[in-house]
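Undergrad: I have a structure here, written as C-alpha cells, and I will follow up with some questions on it.
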Amino acid sequence: MRILVTGGAGYIGSHTVKLLLARGHDVTVFDNLSMGHKQAVPADRLVVGDLRDADQVDHLLMVNRIEAVIHFAASAFVGESVTNPAKYYQNNLLNSLNLLDRVRRQGVTRFVFSSTCATYGVPETVPITETTPQAPINPYGNTKLAFEKMLADYAPAYNIGFTALRYFNASGAAADGTIGEDHDPETHLIPIVLQAALGRRPHVEIFGTDYPTPDGTCVRDYIHVEDLAAAHLLALEHIRPGAGAFYNVGIGTGYSVREVIRTAEEVTGKRISVKEGTRRAGDPPALVAGADKIRQELGWQPAFTTLRPIVESAWNWHKAHPNGYGK
Ligand code: UFG
C-alpha cells in the first residue's frame, strides 16, 4: 500500500514506519521535525513539511498516489496543553482538519488516527472500555476527542474509512536497538527513570503519593511501542470505506509509579533516588485499558504483556544512546 505517515519521525510514528517498510509498504513520512528526529527514519522516505501548508499536503497525496494516511503528527504534552491551548487547537485540530480535507478531495479512503486514553478523562471505573464515557480533563484530550468526532462525521459522508486508536502509555524501544524514545523536554516516566539510572538526573520526582491506588501513586498501562505499531498495521488492513472504528490499545495491566521505579532498578542494577512530590495537574489516578475489542476484531496480540521486558527494551536504547538521537 502507498501510505503517508504524518509525524512519522516521532516516537510512535518511527516505530510504525519501520514496521510498514519491513512489510513492504511504500511509505512517505511527512514531519516538520519539531519533535521528530530525521535519524529515526530512512532519509529517502522523509519529506519535511508542515500540515498548515494544505497545498503541500495535497500535492504529496496526489504525486505519491497515496492510498492510506496514518496521522500521528500532533502536540502531546498534557501540561503544555493547559498553559498553551492555542498550540493544541492549531496543531491537533486545525492542522488535522487541513489534512482530512485534502484526504477527502484526493479520494483517499483509509485513515488511521492516533487518539488517546486522555479522551476518557478521569474514568469512573477501570479497566476502561471503548464505551466508557469520554470526558477529557485537559485541552490535549479535548482536541483529540474533537477530531475523533470529525472523523466520525466525515466517514459516511465522504466514504472515508477510519480507525482511531486510543493509546495508553507508549513505552520501550525497537528490539533491534535502532530507534527509541527521545523527547525534548522529556516528561515521560520510563525515560526519566532510566536517565536517573544513567546518572543524568539526580533523582526521580514522584508526582503524588496520596492517590486512591494501592501504593498511593498513579497507575498506568504501559504498552510497548512495537505492539502499538503492529496495531496500526492491523487497523489499516481492516478498514472499510465509509466506516469507522475505535479501539483502546493497552496491555490491560496497570503499574504504579513506584512499581515502574522498582522494575527499573531491577533491570538496570542501579539504585534510583526518589523524591516524593505533589500531584501533577491533570493526572488521573488510574488508566488501564480494557483492550478485548482490538484483540477480538483485529486479532491483535501484544508480544509484551508485562512491564519488565518493556523497561528492558527501553534500557537497551538509553544505555546505547544516553544523548538520544543527539543534537
Ligand atoms: N510521573 C512521575 N514523575 C515524573 C514523570 C511522570 O511521577 O517525573 C508520573 C505521572 O504523574 C503519571 C505517570 O508517571 O502518573 C506516567 O506519566 P507520563 O508522563 O509518562 O505519562 P502520562 O500518563 O501522563 O501521559 C501519557 C501520554 C500522553 C497521554 C496520557 C493520557 O504520554 O500523551 O498518557 O493520560 F495523553
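Undergrad: Which of the residues spanning the stretch 263-283 are charged (D, E, K, R) and in contact (Cβ under 8 Å) with a residue 60 or more places away in the chain? First the steps, then the outcome.
TA: Taking the stretch 263-283 first, the residues charged (D, E, K, R) are 265-266, 270-271, 275-276, 279-280, 283.
Correct list: E265, K270, K275, E276, R279, R280, D283.
Undergrad: Going by the structure shown, is R23 surrounded by fewer than 17 Cβ atoms within 10 Å (Cβ to Cβ), out of contact with any Lys or Arg (no Cβ under 7 Å at 6 or more places or on another chain) and in contact (Cβ under 8 Å) with a residue 40 or more places away in the chain?
TA: It is true that R23 is surrounded by fewer than 17 Cβ atoms within 10 Å (Cβ to Cβ), out of contact with any Lys or Arg (no Cβ under 7 Å at 6 or more places or on another chain) and in contact (Cβ under 8 Å) with a residue 40 or more places away in the chain.
Undergrad: Criterion first (under 30 Å from T253 (Cα atoms), in a loop (DSSP other than H, G, I, E, B) and in contact with a helix residue (DSSP H, G or I) (Cβ under 7 Å, 6 or more places away or on another chain)) does T132 satisfy it?
TA: Answer is yes for this residue.
Undergrad: To continue, here is another question. Can D184 be described as outside the structural domain of S273 (by the TED database), at pLDDT 95 or above and more than 14 Å from the ligand (Cβ to nearest atom)?
TA: Judged against the criteria, D184 is not a match.
Undergrad: Output the number of the condition that L33 fails; it satisfies all remaining conditions of (1) of a type outside the set (S, T, N, Q); (2) more than 19 Å from A170 (Cα to Cα); (3) crowded, with 20+ Cβ neighbours inside 10 Å.
TA: So L33 meets the others, but not (3).
Undergrad: Looking only at the stretch 67-92, which residues are surrounded by fewer than 18 Cβ atoms within 10 Å (Cβ to Cβ) and touching a Lys or Arg at 6+ places or on another chain (Cβ under 9 Å)?
TA: Across the stretch 67-92, the qualifying residues are E67, G79, E80, Q90.
Undergrad: Might you let me know whether the stretch 206-217 holds any residue that is outside the structural domain of F77 (by the TED database), farther than 18 Å from W317 by Cα and touching a Phe, Trp or Tyr at 6+ places or on another chain (Cβ under 8 Å)?
TA: First, the residues of the stretch 206-217 that are outside the structural domain of F77 (by the TED database): 206-217.
Applying the additional criterion that residues be farther than 18 Å from W317 by Cα yields 206-217.
Imposing the further condition that a residue be touching a Phe, Trp or Tyr at 6+ places or on another chain (Cβ under 8 Å) reduces the set to 217.
Checked against the condition, which is being outside the structural domain of F77 (by the TED database), farther than 18 Å from W317 by Cα and touching a Phe, Trp or Tyr at 6+ places or on another chain (Cβ under 8 Å), the stretch 206-217 yields at least one hit.
Undergrad: Still on this structure: R104 passes all but one of (1) at pLDDT 95 or above; (2) over 23 Å from Y154 (Cβ atoms); which number fails?
TA: (2)
Undergrad: So, one more: Can you tell me which residue in the stretch 148-163 is surrounded by the fewest Cβ atoms within 10 Å (Cβ to Cβ), limited to those that are among the aromatic types (F, W, Y) and assigned to a helix (DSSP H, G or I)?
TA: Y158
Undergrad: Still on this model: Residues in the stretch 60-72: is at least one in the same structural domain as G10 (by the TED database), over 30 Å from Y255 (Cβ atoms) and among the charged types (D, E, K, R)? Full working, then the answer.
TA: In the first step, residues of the stretch 60-72 are kept if they are in the same structural domain as G10 (by the TED database); the result is 60-72.
Imposing the further condition that a residue be over 30 Å from Y255 (Cβ atoms) reduces the set to 60-69.
Filter once more, keeping what is among the charged types (D, E, K, R): 65, 67.
Within the stretch 60-72, one or more residues are in the same structural domain as G10 (by the TED database), over 30 Å from Y255 (Cβ atoms) and among the charged types (D, E, K, R).
Undergrad: Being more than 21 Å from the chain's Cα centre (by Cα) and assigned by the TED database to the domain that holds A155 narrows it down to one of P202, P241, so name that one.
TA: P241
Undergrad: Right, something else. Considering only residues that are within 13 Å of the ligand (Cβ to nearest atom) and of a type in the set (S, T, Y), look in the stretch 109-147 and name the one that is surrounded by the fewest Cβ atoms within 10 Å (Cβ to Cβ).
TA: Per the stated criteria, the residue is T119.
Undergrad: Looking at V5, V47 in this structure, which one is assigned to a strand (DSSP E or B) and surrounded by fewer than 24 Cβ atoms within 10 Å (Cβ to Cβ)?
TA: V47
Undergrad: Name the single residue, out of those in the stretch 164-192 being assigned to a strand (DSSP E or B) and polar (S, T, N, Q), that is surrounded by the most Cβ atoms within 10 Å (Cβ to Cβ).
TA: Ranking the qualifying residues of the stretch 164-192, first place goes to S171.
Undergrad: Can I ask one more? Report the residue count in the stretch 193-224 for those that are more than 12 Å from the ligand (Cβ to nearest atom) and buried (at least 17 other Cβ atoms within 10 Å of the Cβ).
TA: Matching residues across the stretch 193-224 total 2.
Undergrad: If you don't mind, there's one more thing I want to ask. Looking at D227 and the list (1) under 17 Å from R308 (Cα atoms); (2) crowded, with 23+ Cβ neighbours inside 10 Å; (3) of a type in the set (D, E, K, R), which single condition is not satisfied?
TA: Here D227 clears every test but (2).
Undergrad: Also, quick follow-up: Check V57 against each of (1) buried (at least 23 other Cβ atoms within 10 Å of the Cβ); (2) touching a Gly at 6+ places or on another chain (Cβ under 7 Å); (3) over 24 Å from F246 (Cβ atoms) and name the one condition it does not meet.
TA: The one condition V57 does not meet is (2).
Undergrad: Mind listing whichever residues of the stretch 30-40 are touching a residue at least 12 places away in the same chain (Cβ under 8 Å) and either under 16 Å from the mean Cα position of the chain (by Cα) or under 21 Å from P185 (Cα atoms) (or both)?
TA: Result: D31, N32, L33, M35, G36, H37, K38, Q39, A40.
Undergrad: Okay, next question. If you scan the stretch 293-327, which residues turn out to be in contact (Cβ under 8 Å) with a residue 60 or more places away in the chain and either of a type in the set (K, R) or over 30 Å from R201 (Cα atoms) (or both)?
TA: Scanning the stretch 293-327 gives K293, I294, L298, G299, W300, P302, A303, K319.
The values are calculated or read from the model by the stated rules, or taken from the named source; none is laboratory data. Small disclaimer: the values here were computed from a predicted structure and weren't measured. Neighbour counts run over all protein chains shown; Cβ positions are idealised from the backbone, glycine included.
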